[in-house]
1. Roughly how big is the chain's charge dipole about its Cα centre, with Cβ charges of +1 (Lys, Arg) and -1 (Asp, Glu), in debye to the nearest 20?
2. In segment 3-49, what trypsin sites (Lys or Arg not before Pro) fall in a loop by DSSP, with at most 11 other Cβ atoms inside 10 Å?
3. Give me the distance in nm between label points sitting 7 Å out from Cα along the Cα-to-Cβ direction at Glu23 and Cys9, one decimal.
4. Per residue, how much accessible area does the chain have with a 1.4 Å probe, in Å²?
5. Mind putting together the pair-distance distribution for the chain? All Cα pairs, 10 Å bins, whole percent per bin, short to long.
6. Excluding same-chain pairs closer than 8 in sequence, count the lysine pairs in the chain whose Cα atoms lie under 25 Å apart.
7. Tell me, what % of the accessible area of the chain is carbon and sulfur with a 1.4 angstrom probe?
8. Per-residue HN-Hα couplings for segment 27-38, Karplus 6.51 cos²θ - 1.76 cosθ + 1.60 at θ = phi - 60°, whole Hz, x for Gly and Pro?
Amino acid sequence: MKPRITRLCIYPKDIQRITGKSERYSRDLIHKIKDHLQKPDHQFVTVAEFCTYMGLPFEEVQAFILD
(Lines give C-alpha, C1' and ligand atoms only; values in the text may rest on other atoms or scores of the structure.)
Protein backbone atom coordinates (compact mmCIF):
# COMPACT_ATOMS: atom_id res chain seq x y z
CA MET A 1 0.00 0.00 0.00
CA LYS A 2 1.38 3.39 -1.00
CA PRO A 3 1.79 6.06 1.67
CA ARG A 4 -0.61 8.94 1.19
CA ILE A 5 1.04 12.06 -0.21
CA THR A 6 -0.06 15.17 1.61
CA ARG A 7 0.39 18.74 0.55
CA LEU A 8 2.01 21.47 2.56
CA CYS A 9 -0.15 24.32 1.27
CA ILE A 10 -3.91 24.79 1.42
CA TYR A 11 -6.15 25.95 -1.42
CA PRO A 12 -9.64 27.51 -1.51
CA LYS A 13 -11.20 24.20 -2.59
CA ASP A 14 -9.82 22.56 0.57
CA ILE A 15 -11.27 25.33 2.73
CA GLN A 16 -14.63 24.88 0.98
CA ARG A 17 -14.65 21.19 1.96
CA ILE A 18 -13.64 21.96 5.55
CA THR A 19 -16.01 24.87 6.23
CA GLY A 20 -18.84 24.25 3.80
CA LYS A 21 -18.62 27.88 2.69
CA SER A 22 -18.32 29.33 -0.81
CA GLU A 23 -15.21 29.65 -2.94
CA ARG A 24 -15.31 33.42 -2.53
CA TYR A 25 -15.32 33.06 1.29
CA SER A 26 -12.39 30.65 1.02
CA ARG A 27 -10.33 33.03 -1.12
CA ASP A 28 -11.09 35.92 1.25
CA LEU A 29 -10.07 33.78 4.22
CA ILE A 30 -6.72 32.95 2.63
CA HIS A 31 -6.21 36.66 2.00
CA LYS A 32 -7.03 37.46 5.66
CA ILE A 33 -4.57 34.80 6.86
CA LYS A 34 -1.84 36.23 4.61
CA ASP A 35 -2.54 39.73 5.96
CA HIS A 36 -2.47 38.45 9.53
CA LEU A 37 0.85 36.66 8.95
CA GLN A 38 2.21 39.56 6.86
CA LYS A 39 2.97 37.29 3.92
CA PRO A 40 3.45 38.64 0.39
CA ASP A 41 0.89 37.68 -2.25
CA HIS A 42 3.23 35.22 -3.98
CA GLN A 43 3.61 33.04 -0.86
CA PHE A 44 1.31 30.15 0.02
CA VAL A 45 -0.61 29.55 3.25
CA THR A 46 0.32 26.23 4.82
CA VAL A 47 -2.13 23.78 6.34
CA ALA A 48 -0.52 24.34 9.75
CA GLU A 49 -0.95 28.13 9.47
CA PHE A 50 -4.60 27.66 8.49
CA CYS A 51 -5.20 25.34 11.46
CA THR A 52 -3.57 27.76 13.89
CA TYR A 53 -5.55 30.72 12.54
CA MET A 54 -8.88 28.86 12.62
CA GLY A 55 -8.20 26.96 15.84
CA LEU A 56 -8.77 23.56 14.24
CA PRO A 57 -6.89 20.31 14.97
CA PHE A 58 -4.28 19.56 12.31
CA GLU A 59 -5.12 15.84 12.07
CA GLU A 60 -8.80 16.46 11.37
CA VAL A 61 -8.03 19.06 8.70
CA GLN A 62 -5.54 16.70 6.99
CA ALA A 63 -8.38 14.20 6.50
CA PHE A 64 -10.25 16.74 4.33
CA ILE A 65 -7.33 17.54 2.06
CA LEU A 66 -7.44 15.45 -1.10
CA ASP A 67 -4.57 15.12 -3.54
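The values are calculated or read from the model by the stated rules, or taken from the named source; none is laboratory data. Given the structure is predicted, the values throughout are model-derived calculations rather than measurements. All Cβ positions, glycine included, derive from the backbone under ideal geometry; neighbour counts span all protein chains shown. The area values use the complete protein model at the heavy-atom level, side chains included, leaving out ligands, DNA and RNA. Shrake-Rupley method; radii C 1.70, N 1.55, O 1.52, S 1.80 Å.
1. Details: 11 positive and 9 negative charges, 35 e Å.
In total the dipole reaches around 160 debye.
2. Values: sites: Arg4, Arg7, Lys13, Arg17, Lys21, Arg24, Arg27, Lys32, Lys34; in loops: Arg4, Arg7, Lys21.
The qualifying sites are Arg4.
3. Going by the 7 Å Cα→Cβ label model, 1.8 nm.
4. 74 Å²
5. All Cα pairs considered, the percentages come to 21, 56, 20, 3, 0.
6. On the way: Lys2/Lys13; Lys13/Lys21; Lys13/Lys32; Lys13/Lys34; Lys13/Lys39; Lys21/Lys32; Lys21/Lys34; Lys21/Lys39.
So the count works out to 8.
7. Values: 2830 of 4940 Å².
Ligands and nucleic acids excluded, carbon and sulfur reach 57 percent.
8. Result, rounded to whole Hz: 5, 5, 5, 4, 5, 5, 5, 4, 4, 4, 8, 6.
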